[in-house]
Structures are given as C-alpha cells and as structure tokens.
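This report concerns only the one structure given below.
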Amino acid sequence: MIDKERLKGKKMCAVVREKYIDPFTDFGFKWIFGTEENKSLLISFLNDLLELEDKIVDVTYRNLEKLGLNIVDRKAIFDIYCVDEKKNSFIVELQRSPQKYFKDRSLFYTTFPIQDMSKRGDWDYELKKVYFVGILDFSFDDLRITENKKRISRTKDEKTYLTKVQLCDMDTKELFYDKMVYYYIEMPKFKKAEKELSNHLEKWLFYLKNLENLDDIPKTFKDDEVLENAFDVAEFLKLDKERKFAYQQDLKARLDYKNSIDYAKELAEREGMKKGLEKGREEGREAGEQKKQFEIARVSLEQGLDIKTISLITGLSLEEIKNLQGKKC
C-alpha cells in the first residue's frame, strides 16, 4: 500500500489520457489478473486457454517475493503464481522485452511449484500439474526449432501466435508426460480484428492487445458478463486515488525505460553495428549480433544506465558488462 502522506501535494507523474489502463504495465496486469477481488478474470482466461477437462473453479494466489518484484531484477513485468482447488499450479508471466534465455527461465520458474509439492518423510514423488503461461509482447522467432542430423532450421509462421509445449517421445511423437505444460502467446502475431474473433480466448487476446487504445467496450463483447467486468475493472477513473498514483508511476517508468532502450539502440545503429547483420552465413550473423549487443552495452554505459538494465536490453551477462565497464575505465 502506498503511504498516503506521499500523495499530499505531489504532482501526478504521468498524464493518462486513455480511458483504460495499460495491461502491459506492472500495475495494469497485476490489478486485472493478480488480485483477489478480480480473480474471476484470471480463472476465465486460464479456462479458455488451457483446454482443461475439469475447469478451474477457484484459485489461491501464492507469494512471489522470493523471485523478486522489481522489473529490472526480474527482467519481467509481472508473474502470477496460484493454485486451484485440485492443487494444480499456474504461473502466468507477462514478458515485455525479448530475453536470450527466456525458455530456460520458463523451466526454472516451474521448479518452484514442484519444490512446494515436496513432502517430508515418506513421499512417492507424485506431482500435481504445473502450467506455465508466457504472454510475450514480442515475436519469439526461435521458439519452434526442428532438428536435422546436420543442421538446425528455424521455422517462422507469422500467423501462429500460440504454442503449446509438453514432453513427448521423439520417435513416436506420443505424449510422454502430461503434468508439465507450457503455453507461449506471441502477441505481435495476434492481428485479428473485432469481427474476426471466433472464440472467447481470442476475445481475451484482443482485450489485452487493444485495451489501452479503446474508448468503449466493443459491440461483440457486450452481454458477456466476464469481459464487461474486465473492462469495468480497467477504467482508470474508477481507480481510487492511491491506485491512480501507483499506475501513473508505473506508466512513467515504462515509458522512461522504453525511451532509454530505444535511444541506446539508435546510437549503436548510427555507429554501424547493424550493417551487414543480415548478410553472409549463419555463423557470421550470430557473431555480428553479439558484437551489436556489446556496442549497445557500451553506449548504454556511457548513457549512465545500470548494468542490470543493460543486461536486460542486450542479453549479456552481468560479468560481461562489468568487464566492458572495466575496459572503459
């Protein structure tokens, strides 16, 4: 809770002109899907997405402070971790920026629910189901990788915005284990207009992608109690004073963060690091991309960005950036 004394006499830090809050901010996503009073919205979204035989009836939110809530430290906007009445676990991650090891991170996050299931004394290692949902504000181009004996080829489908991942037998392609399920939603690839929406999940994705820029509830959403409630919850003017202040702080931080990243990349591109990246062999492209990230890091250091933020921008490790910082000195 924000200290009320901080609100007295303090100017709002960002001007909000839109009717609805931005769900791709820390506050926006948490308020819509991560609060006890609005958990019916999360339940609806998960039931639409996960194709469960037994629909979720209720969820209990779990504390994620051990993973950190700071956007720089976590390199994410917000995580939701909850369990349903059958003790199945759900992690929902809204990822704004591309990250080099995001798939690794997805797997790492799902180890926390597994650890929570462990029992002292006699235990037969039976696990409940764990679902990871990644809502990505970028195209995850290397997500679908098919292996060949001599090479790895990447397939890019500009229309495939939803990917479901499970363990399977590589020879028979049969499902091997059904208790670990990963869903990745690439929001830039979801381009359907209102009249093209064919199911309730697509309405949710349309809501997430377009909410900030809408002036009213779309016609096809009216008479849908859940989605009407989702729009009502997201109205900026209906937030209390403290929540308005928290959202505006969050919105300003996001805009400042984006401007810093864009400016660092622009300066790096001016110095020619982008030239030739799309030419030559795959090895050459990879080497050029790495060189570009080091150049972005160098420029970012000159702009005074901290090393954790630079790590998020470039995908470089903290150690690599510290070494680069040392060479500057």
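Where a number appears in this text, it was derived from the coordinates with a stated rule and is not lab data. Here the structure is a predicted model, which is why all the values come from computation and not from measurement. Quick reminder, even Gly has a Cβ in these numbers, built from the backbone with ideal geometry, and neighbours come from all protein chains shown.
With a Förster radius of 35 Å applied to the C-beta separation of Ala193 and Glu242, the computed FRET efficiency comes to 0.45. FRET efficiency for the pair Asp215 and Asp306, taken as 1/(1 + (r/R0)^6) with r the Cβ-Cβ distance and R0 = 45 Å, rounds to 0.75.
Amide H to amide H distances under 5 Å link Val130 with Ser89, Met180, Val181, where only residues 5 or more positions off or on other chains count and H is placed in the peptide plane.
Our note on the geometry: Cα centres of segment 229-248 and segment 32-51, 18 Å apart. The local environment of Tyr183, defined by Cβ-Cβ distances under 12 Å, has a net charge of -3 under the rule Lys, Arg +1 and Asp, Glu -1. Ranked by the mean number of other Cβ atoms within 10 Å per residue, highest first, peptides 203-216, 252-265 order as 203-216, 252-265. If the segment from His200 to Glu85 were pulled out straight at 0.36 nm per residue, it would be longer than the present Cα-Cα gap by 39.1 nm.
The residues neighbouring Lys209, those whose beta-carbon lies less than 12 Å from its own, together hold a net charge of -2 under the Lys/Arg +1, Asp/Glu -1 convention.
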